[in-house]
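**Q** One structure, as structure tokens, below. Some questions next.
The values are calculated or read from the model by the stated rules, or taken from the named source; none is laboratory data. Because the structure is predicted, anything quoted here is derived from the model rather than measured. Accessible surface areas use protein heavy atoms only, side chains included; no ligands, DNA or RNA. Shrake-Rupley method; radii C 1.70, N 1.55, O 1.52, S 1.80 Å.
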Amino acid sequence: MDNHLRIEEAKQLMGQTPKRSLSEIAERIGFTDLAHFSKQFKLQEGVSPSEWRKNM
């Protein structure tokens, strides 16, 4: 699965399960490292996962 699809899945999971940690979400979509997930998310969305979650 490419990163674009994984980030889209992460956004869905953040919306559906707001109590789930970003680490859990990153692991569930196939990232082994939260820092790498955050970097890829920011490259695609322009904001960090935590910022995106706050503003959704």
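**Q** Below 18 Å, Cα to Cα, which lysines can LYS39 reach? Residues fewer than 8 away in the same chain don't count.
**A** Cross-link targets: LYS11, LYS54.
**Q** Might you tell me the accessible area per residue for the chain, computed with a 1.4 Å probe and given in Å²? Don't skip to the end; give the middle numbers.
**A** Numbers: 3720 Å² over 56 residues.
Per residue, the chain has an accessible area of 67 Å².
**Q** Which length gain, in nm to one decimal place, applies between GLU27 and ASP2 when the Cα-Cα distance is subtracted from 0.36 nm times their residue separation?
**A** Additional length available on full extension: 7.5 nm.
**Q** Considering the chain, what Rg and Dmax in Å follow from its alpha-carbon atoms?
**A** Here Rg and the maximum Cα pair distance are 9.8, 26 Å.
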